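Trainee: Sharing a structure with you now.
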Amino acid sequence: MIEEHDSKEIYCRILGHHLGFKYCRSAANGLPCRKLPDCWFEVFPVQAFMEKHFSKEEIDSVLAPPKPKLSSLLEAIKRAQES
Ligand code: SF4
């Protein structure tokens, strides 16, 4: 079940305080924080957890590197011009 590790806690270097796995696995609009593998790999087999509970597409979207702001802006302009 997806809640099996929710009681585990670690220190979040981004937010600056301890938090539970439940937050990390759902921090991105219900999908995992993109740092999930980096933060949790020493605690339990988090990669296997992700593969069990999320589709490949969801994992790929979570782990994709953030787009540079200029690239995102150009895509938004292109979409606006096309509509
Ligand atoms: S997975 Fe994200 S929210 Fe959770 S501890 Fe790591 S950086 Fe913080």
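Trainee: Conditions first: (1) surrounded by 12 or more Cβ atoms within 10 Å (Cβ to Cβ); (2) of a type in the set (A, V, I, L, M, F, W, C); (3) free of Cβ contacts under 8 Å to residues at least 12 places away in the same chain. ALA80 passes all but one, so which condition is the exception?
Mentor: Among (1) surrounded by 12 or more Cβ atoms within 10 Å (Cβ to Cβ); (2) of a type in the set (A, V, I, L, M, F, W, C); (3) free of Cβ contacts under 8 Å to residues at least 12 places away in the same chain, the lone unmet condition for ALA80 is (1).
Trainee: I'm trying to understand the selection: among the residues of the stretch 11-40, which are outside any loop (DSSP other than H, G, I, E, B) and touching a helix residue (DSSP H, G or I) at 6+ places or on another chain (Cβ under 8 Å)?
Mentor: Quick first cut of the stretch 11-40, residues outside any loop (DSSP other than H, G, I, E, B) only: 11-12, 17-26, 28, 31, 36-40.
Those that are outside any loop (DSSP other than H, G, I, E, B) and touching a helix residue (DSSP H, G or I) at 6+ places or on another chain (Cβ under 8 Å): CYS12, PHE21, CYS24, ARG25, ALA28, LEU31, LEU36, PRO37, CYS39, TRP40.
Trainee: Please specify each residue of the stretch 60-70 satisfying the condition of being surrounded by 10 or more Cβ atoms within 10 Å (Cβ to Cβ), without any contact (Cβ under 8 Å) to a residue 24 or more places away in the chain and not in a loop (DSSP other than H, G, I, E, B). If you could, list the steps in order and put the result at the bottom.
Mentor: Keep residues of the stretch 60-70 that are surrounded by 10 or more Cβ atoms within 10 Å (Cβ to Cβ), which gives 60-63, 67.
This time we only want the ones that are without any contact (Cβ under 8 Å) to a residue 24 or more places away in the chain, so: 60, 67.
Selection gives ASP60 alone.
Trainee: Here is a further query. Is it the case that SER55 is open to solvent by less than 50 Å² (accessible area, probe 1.4 Å) and among the polar types (S, T, N, Q)?
Mentor: Values: open to solvent by less than 50 Å² (accessible area, probe 1.4 Å): yes; among the polar types (S, T, N, Q): yes.
Here the answer is yes, as SER55 does meet what is asked.
Trainee: Hey, another quick one. Part of a loop (DSSP other than H, G, I, E, B) and modelled with pLDDT of 95 or more: does that describe PHE44? Let's see the steps before the verdict.
Mentor: On the way: part of a loop (DSSP other than H, G, I, E, B): yes; modelled with pLDDT of 95 or more: yes.
The answer is yes for PHE44.
Trainee: Still on this structure, please answer the following. Looking at the stretch 1-49, which of the residues that are open to solvent by 40 Å² or more (accessible area, probe 1.4 Å) and of a type in the set (Val, Ile, Thr) is nearest to the ligand (Cβ to nearest atom)?
Mentor: ILE14
The values are calculated or read from the model by the stated rules, or taken from the named source; none is laboratory data. None of the values given here were measured: they were computed from a predicted structure. In this analysis, Cβ positions are derived from the backbone assuming ideal geometry, glycine residues included, and neighbour counts consider all displayed protein chains. Just the protein is used for accessible areas: all its heavy atoms, side chains included, with ligands, DNA and RNA removed. Shrake-Rupley method; radii C 1.70, N 1.55, O 1.52, S 1.80 Å.
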